[in-house]
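What follows is a single structure, written as structure tokens, with notes after it.
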Number of protein chains: 2
Amino acid sequence: MAADATSAASVISSPVGVIAGGGAMPFAVADSLAAHGITPVLFPLRGACDPARVEEFRHRWISVGQLGRAMRLFREEGCRDLVFIGTLVRPSLTEIRFDVTTLRLLGNVIRAFRGGDDHLLSGVGRILEQGGFRMVGIKDVAPDLLMPEGCISRAWPSDNSKADIERGRAVLTALGPFDIGQAVVVIDGHVVAVEDIEGTDALLARVARLREEGRIRAATGRGVLVKAPKSGQDLRFDLPTIGPRTLEGVAKAGLAGIAVVAGNTIAAEPQAMIAFADAKYLFVIGLPA
Amino acid sequence: MAADATSAASVISSPVGVIAGGGAMPFAVADSLAAHGITPVLFPLRGACDPARVEEFRHRWISVGQLGRAMRLFREEGCRDLVFIGTLVRPSLTEIRFDVTTLRLLGNVIRAFRGGDDHLLSGVGRILEQGGFRMVGIKDVAPDLLMPEGCISRAWPSDNSKADIERGRAVLTALGPFDIGQAVVVIDGHVVAVEDIEGTDALLARVARLREEGRIRAATGRGVLVKAPKSGQDLRFDLPTIGPRTLEGVAKAGLAGIAVVAGNTIAAEPQAMIAFADAKYLFVIGLPA
């Protein structure tokens, strides 16, 4: 687990290497680092990170499976502290070109692939730490990107929604040991659907379709999306994330709002997200961890 | 909970009323009753039960929400013992035409609708028992339709599949309190998807699609569908059911087989199911309860 955010942040060494997957978050993290006087160096992952946006930052391209080359580049750039951020579709073993260092450590990598995605990322993280680097989390380097406690929307959850939130958290707690279900949709006390390997956007699309097909009969504007980290999840590598697209999905699914764990959830593009939530009168609430 | 099958069966009073929803099972139950010297009277639910097949049996049509009329017909036919069997899409309160007796008991019915489907069926069951009837289960009247313990297929689960089965049962146990997830798909130790209100066929179709889209990279012929009753589920009203269509879904999802709880799962059209399983070398196993 990541150390306490404040204490860890005080010893972050500049520059910080940002291992950058897909989506907007790597750039938000880089911006946040720069705003706090820490130099970011991006290490965009080929095939995942946006090549256009990465041009705004100092960067060196890396590839999955090329750990030896990546560690050489981290050292060349003077990055001891590394943060991994962004989306990464789980690669197929047969599609990866391994370099010599990676092949030497292949036993570990293979073991990492056998478990869930958490184990994969933790496994790579361990290899990097054996190489003398330190894996830090968003909590350590850019805590301003995390959801605060309380409502960030104008709308607040009704008592009905509060009960749905409680039930959703209970389901996610029960599923904690199984590396599935970072999110769940609860409507009027009914657990309607559990997130699977498709992720939250697909979960919400499924709920929207069930509503269209009349399988969900509750009125529009009832029900919640509840998201929480899996228990045992290494929060340095894989924090739950919400953003404007999540809220669009919540609106299409006819729900009342979204509840996440404060401090353990990334709020991507918060301004756009809040604007959308307020326009649709959806609530966005951070729950105590 | 239903009483022990043998002791209850010994006091079943002929004729037995079969409240018949959709699908083939009501007719299988009626056939099984007749084969054991008990006269079945079908009470097909309008909009759910097949009007053509019901003609083979003595029957009186009934409607959801017309409990008064239904109880009168049960009495006219001399049916003290009632069994509910078949599929029933959860009706909308506003679509139901209630009779006077039902309106008198409406408080109970509304309460029944607020919970999950289990509560709905249990609620109606309680009303019928207050009316002097006895709700019995398939275990009591047609235990020959239930999955036995052990493999009914030629194929047996591999050690890999056995581990997936264990994990699947653990997930279903964890979800027990939440009225969701009567089935789960586990592949190589990964919990891939949990059944939601769409049911098992839709779950398997989802897994088949995830395979097509390359989101599941495991080889075909790996992974299991595990089905179990929800904890607290009233097994008189809602037993998990498998049949040929389930096996077709398992084949399309590229799984190795299916594991269910022996004695607590209906095997619909077992001959066709086993023939299909053996043709595709899929296993079908009944686990100890």
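On the given criteria, is B:Gly263 open to solvent by less than 40 Å² (accessible area, probe 1.4 Å), farther than 23 Å from B:Gly22 by Cα, assigned to a loop (DSSP other than H, G, I, E, B) and modelled with pLDDT of 90 or more?
Numbers: open to solvent by less than 40 Å² (accessible area, probe 1.4 Å): yes; farther than 23 Å from B:Gly22 by Cα: no; assigned to a loop (DSSP other than H, G, I, E, B): yes; modelled with pLDDT of 90 or more: yes.
When the stated conditions are applied, B:Gly263 does not pass them.
Go through region A:110-167 and report how many residues are at pLDDT 75 or above and more than 25 Å from A:Asp81 (Cβ to Cβ).
We begin by selecting, within region A:110-167, every residue at pLDDT 75 or above; these are A:124-167.
Checking which are more than 25 Å from A:Asp81 (Cβ to Cβ) leaves us with A:149-167.
Qualifying residue count, region A:110-167: 19.
Residues checked against (1) aliphatic (A, V, I, L, M); (2) on the phi < 0 side of the Ramachandran plot; (3) within 13 Å of another protein chain (Cβ to nearest Cβ):
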residue: B:Ile197; (1), (2), (3): yes, yes, yes
residue: B:Leu210; (1), (2), (3): yes, yes, yes
residue: B:Arg217; (1), (2), (3): no, yes, yes
residue: B:Ala251; (1), (2), (3): yes, yes, no
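Let's see how each residue does on (1) among the hydrophobic types (A, V, I, L, M, F, W, C); (2) surrounded by fewer than 17 Cβ atoms within 10 Å (Cβ to Cβ); (3) not assigned by TED's automatic domain parsing to the domain that holds B:Ile152:
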| site | (1), (2), (3) |
| --- | --- |
| B:Ala193 | yes, no, no |
| B:Ala218 | yes, yes, no |
| B:Gly223 | no, no, no |
| B:Pro229 | no, no, no |
| B:Leu239 | yes, no, no |
| B:Arg245 | no, no, no |
| B:Ala256 | yes, no, no |
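Select from region B:199-208 the residues that are of a type outside the set (A, V, I, L, M, F, W, C) and in a helix (DSSP H, G or I) and write down the one among them that is nearest to the other protein chains (Cβ to nearest Cβ).
Of all residues in region B:199-208, those of a type outside the set (A, V, I, L, M, F, W, C) come to B:199-201, B:206.
Adding the requirement that they be in a helix (DSSP H, G or I) leaves B:200-201, B:206.
Values: B:Thr200: 14, B:Asp201: 13, B:Arg206: 8 Å.
Filtering region B:199-208 for residues that are of a type outside the set (A, V, I, L, M, F, W, C) and in a helix (DSSP H, G or I), the one nearest to the other protein chains (Cβ to nearest Cβ) comes out as B:Arg206.
Can you pull out the residues in region A:195-216 that are open to solvent by 10 Å² or more (accessible area, probe 1.4 Å), touching a residue at least 40 places away in the same chain (Cβ under 8 Å) and under 19 Å from A:Gly243 (Cβ atoms)?
Within region A:195-216, A:Thr200, A:Asp201, A:Ala205, A:Ala208 qualify.
List every residue pair whose Cβ atoms lie under 7 Å apart, where the two residues are 6 or more positions apart in sequence or sit on different chains, the first residue falls within region A:166-193 and is more than 7 Å from chain B (Cβ to nearest Cβ), and the second residue, located anywhere, is hydroxyl-bearing (Ser, Thr, Tyr) and open to solvent by less than 20 Å² (accessible area, probe 1.4 Å).
A:Ala183/A:Thr200
Starting from region A:23-35, keep only residues that are under 16 Å from A:Val136 (Cβ atoms) and in the same structural domain as A:Ile138 (by TED's automatic domain parsing), then list their pairs with residues that are open to solvent by less than 20 Å² (accessible area, probe 1.4 Å) and assigned to a helix (DSSP H, G or I) whose Cβ atoms are within a distance under 9 Å, requiring at least 6 positions of separation or different chains.
Matching pairs, first to second residue: A:Met25/A:Ile138; A:Pro26/A:Val54; A:Val29/A:Ile138; A:Val29/A:Val141; A:Ser32/A:Ile138; A:Ser32/A:Val141; A:Leu33/A:Val141.
The values are calculated or read from the model by the stated rules, or taken from the named source; none is laboratory data. Note that the structure is a prediction, hence the values are computed from the model and not measured. Every residue, glycine among them, receives a Cβ derived from its backbone with ideal geometry; neighbour counts consider all protein chains shown. Calculation scope for accessible area: heavy atoms of the full protein, side chains included, ligands and nucleic acids excluded. Shrake-Rupley method; radii C 1.70, N 1.55, O 1.52, S 1.80 Å.
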